[in-house]
Amino acid sequence: MKRILVTGAKGRLGGRLVEVLSAQYSEIIGVDVDEFDVADFDAARTFIAAAQPDLVIHAAAWTDVDGCAREPEKAIQINGFGAQNMALAAAAVNAPILYVSTNEVFDGESRTPYREYDPQRPINAYGYSKFVGERAVMTLNPRHYIVRTSWVFAHGGKNFIQTMLNAAKAGKPLRVVVDEIACPTYNNDLADAIARLITTERYGVYHCTNAGACSRYAFARAILDRAGYAETPIQPLLSHQWARPSTPPHYSPLENLAGRGLGIELRTWQAAVDAFMKHEGL
């Protein structure tokens with residue numbers, strides 16, 4: 001495998017993948033909406049036919065969860081049918097595809113972490129749009145990886161860690177939900193795991209998150225404690241007290257069962273937070 005095409009190359013995961021993979025492969029083609037719109041089938045097919053990649057990594061997505069709730073048809077067009085377009089275009093040049101998905105394809109009603117082939121029952125527009133994308137990729141390109149992740153934090157731009165720290169520095173009151181539980185995931189660790197996964201050619205569904213799960217409240221508390229704000233209070237809230245357009249699953253940790261079988265495991269989320277904060281000088 002020499003040539004890999006990565007969509008969403010201007011995004012944080014796509015951009016990191018381009019960096020990581022460029023050190024390992026001879027040609028990485030990073031594309032974003034400037035090159036073609038994934039929701040435009042003819043444009044996607046034409047570009048991929050010309051590029052002739054050996055693998056397509058489809059990291060592009062509309063990840064504004066509340067925006068998806070406001071415009072569900074747009075969400076399906078980008079996240080669902082966009083994935084369909086990419087799966088078909090990749091199959092047409094005999095290339096496998098890796099599709100990045102989310103914990104929000106699950107309903108949050110489980111009491112144990114979700115495994116890779118547990119039934120998906122999305123309860124919000126974002127989760128449904130990614131579910132549509134998953135089904136399209138699985139149906140249309142037999143050589144596929146579905147990589148689900150959750151609560152990704154990355155360097156640059158807006159992220160939960162910086163939001164919490166900026167509020168603490170400014171002395172703003174902090175209110176965080178206690179009944180939404182998932183797995184915080186460091187963008188750099190996720191990119192490294194994907195880079196390892198594609199070398200295996202073991203196609204299928206994978207959960208790639210940092211190990212362990214916590215509530216949003218516990219995540220925020222750990223961030224502040226590590227950054228020297230242990231005395232800064234956080235008011236715990238129930239999710240129904242935090243009005244927002246989208247309804248996230250209450251309990252959606254992902255168990256990395258399939259990846260573990262290949263020796264692909266991510267460090268704990270606490271260690272990942274420490275690494276992130278050290279890199280940021282926090």
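Total residues in the stretch 151-204 satisfying the condition of being farther than 18 Å from G15 by Cα and either free of Cβ contacts under 8 Å to residues at least 12 places away in the same chain or outside any strand (DSSP E or B) (or both): the figure is 24. Filtering R143, R111, R115 for residues that are more than 30 Å from E201 (Cβ to Cβ), basic (K, R), touching a residue at least 12 places away in the same chain (Cβ under 8 Å) and surrounded by fewer than 23 Cβ atoms within 10 Å (Cβ to Cβ) leaves a single hit, R111. A single member of G15, G82 is without any contact (Cβ under 8 Å) to a residue 40 or more places away in the chain, outside any loop (DSSP other than H, G, I, E, B) and closer than 29 Å to P253 by Cβ, and it is G15.
In the stretch 91-108, of all residues being in a loop (DSSP other than H, G, I, E, B) and aliphatic (A, V, I, L, M), the one that is surrounded by the fewest Cβ atoms within 10 Å (Cβ to Cβ) corresponds to V93. Residue pairs whose Cβ atoms lie under 6 Å apart, sitting 6 or more positions apart in sequence or on different chains, and linking a residue in the stretch 54-77 that is touching a residue at least 24 places away in the same chain (Cβ under 8 Å) to a partner that is surrounded by fewer than 19 Cβ atoms within 10 Å (Cβ to Cβ) and assigned to a strand (DSSP E or B), are D54/R3. The residue that is surrounded by the most Cβ atoms within 10 Å (Cβ to Cβ), counting only those in the stretch 20-46 that are touching a residue at least 40 places away in the same chain (Cβ under 8 Å) and assigned to a helix (DSSP H, G or I), is A44.
Of the numbered criteria (1) crowded, with 16+ Cβ neighbours inside 10 Å; (2) under 30 Å from R143 (Cα atoms), the one Y217 fails is (2). Could you tell me whether the stretch 84-94 includes any residue that is in contact with a Gly (Cβ under 9 Å, 6 or more places away or on another chain) and small (G, A, S)? For the stretch 84-94, residues in contact with a Gly (Cβ under 9 Å, 6 or more places away or on another chain) and small (G, A, S): present. Picking from residues in the stretch 163-200 that are charged (D, E, K, R) and surrounded by fewer than 19 Cβ atoms within 10 Å (Cβ to Cβ), the one that is farthest from F106 (Cα to Cα) is K169.
Taken together, the values in this text are just the output of simple stated rules run on the coordinates, not laboratory data. All values reported here derive from a predicted model rather than from experimental measurement. No Cβ is skipped: glycine too gets one built from the backbone with ideal geometry, and neighbour counts run over all protein chains shown.
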